[in-house]
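The values are calculated or read from the model by the stated rules, or taken from the named source; none is laboratory data. Note that the coordinates shown come from a computational prediction; the quantities given were computed from them, not determined experimentally. Ideal geometry is used to build each Cβ from the backbone, glycine not excepted, and the neighbour counts take in all protein chains shown. Remember, those area values only see protein heavy atoms, side chains included, never the ligands or the DNA or RNA. Shrake-Rupley method; radii C 1.70, N 1.55, O 1.52, S 1.80 Å.
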Amino acid sequence: RGNAIEFNEGADQMGVDVMRWLYLKHNPAQNLNFGYRLGDEVRRQFLLPLWNSYAFFANYAALDGFNPFEHDVPLAERTMLDRWIISRLQEVTRVVRDRIADYDSLTAARTLENFVVDELSQWYIRRNRRRFWKTESDRDKIAAYLTLYEVLVDTTKMLAPFVPYITETMYENLVRSVDPSAPVSVHLTDFPEVDESKIDADLTRDMAALINVVGLGRAARSKANVKVRQPLGRVLVGIERFSLL
């Protein structure tokens, strides 16, 4: 009757990874109004930020000839943002492993999407771009590369069961291009394990509070019709505990 999308047509036009993510992050107890508009939203809201985060690293690493196996900066000597994103990576790994074991793809997918879009792309990378733009390859720049590399590789492995094609491409360039002895496919690698020694609960709690404050500030600006780039005379924030300020 012309009111349905045939599978092969949908896969060709949308992309298989888009279709998979659309289903995986949807509550199976509710109806899903499948269509190309929803597919475009999935691509724009998740897959493009994921690919852009990967491309940001890949492009600058290629320009600098960076090899993660030729450098080492202990985590304790890296910046607060570096330690925070690594800590969050461990916490996300724990949630994803737990939810997959319980056949809860919805929570696992949404946890990964929030991490990639909100914390990695919009928070960590945006606040560290100048470290990658440096012309000199100092210890701080190397620490930024090592941090982002670890996050991208582990995130790629966690996403592999969900979106197998884009993650295979990312793995080939991130891992196989610098380590020929690595498994030939991301789907042959071990799923990431939680490293408790890298979790800083106080730091992740404080950063979550800071991110929340920034979000409230943007909401207040929007309500008052004040543009983001327009400087403010002062900002007052009422809090109970916030060790970063």
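Residues of the range 60-85 being closer than 14 Å to Y149 by Cα and small (G, A, S), which ones?
A61, A62, G65
So, restricting to helices (runs of 4 or more DSSP H) that lie completely within the range 5-108, which ones have at least 3 residues that are within 18 Å of D195 (Cβ to Cβ) and open to solvent by 50 Å² or more (accessible area, probe 1.4 Å)?
Passing ranges, in order: 80-101.
Take the conditions out of contact with any Pro (no Cβ under 7 Å at 6 or more places or on another chain), within 24 Å of V117 (Cβ to Cβ) and not aliphatic (A, V, I, L, M) and apply them to D206. Does it pass?
yes
Exactly one of these conditions fails for T147: (1) at pLDDT 95 or above; (2) over 22 Å from I100 (Cβ atoms); (3) in a loop (DSSP other than H, G, I, E, B). Give me its number.
The number of the failed condition is (3).
In this structure, is W84 in contact with a Ser or Thr (Cβ under 8 Å, 6 or more places away or on another chain) and in contact (Cβ under 8 Å) with a residue 40 or more places away in the chain?
In short, yes.
For the range 169-220, name all the residues that are charged (D, E, K, R) and modelled with pLDDT under 90.
Within the range 169-220, R218 is the sole residue that qualifies.
For the range 156-178, name all the residues that are among the hydroxyl-bearing types (S, T, Y) and open to solvent by 50 Å² or more (accessible area, probe 1.4 Å).
Scanning the range 156-178 gives Y165, T169, S177.
Residues are listed down the side, and each one gets a yes or a no for (1) part of a helix (DSSP H, G or I); (2) among the β-branched types (V, I, T); (3) over 25 Å from A101 (Cα atoms); (4) touching a residue at least 12 places away in the same chain (Cβ under 8 Å):
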| site | (1), (2), (3), (4) |
| --- | --- |
| I166 | yes, yes, no, yes |
| F191 | no, no, no, yes |
| A209 | yes, no, yes, yes |
| N212 | yes, no, yes, no |
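Only one of these is open to solvent by 60 Å² or more (accessible area, probe 1.4 Å), in contact with an Asp or Glu (Cβ under 9 Å, 6 or more places away or on another chain) and either without any contact (Cβ under 8 Å) to a residue 24 or more places away in the chain or not in a helix (DSSP H, G or I) (or both): S197, S137, S181, S222. Name it.
Result of the check over S197, S137, S181, S222: S137.
Just to verify a result, which residue in the range 169-219, among those that are closer than 18 Å to R126 by Cβ and of a type in the set (G, A, S), is nearest to the chain's Cα centre (by Cα)?
Result: A208.
Would you pick out the residues in the range 120-134 that are surrounded by fewer than 17 Cβ atoms within 10 Å (Cβ to Cβ) and either farther than 20 Å from N67 by Cβ or not basic (K, R) (or both)?
Q122, R126, R127, R129, R130, W133
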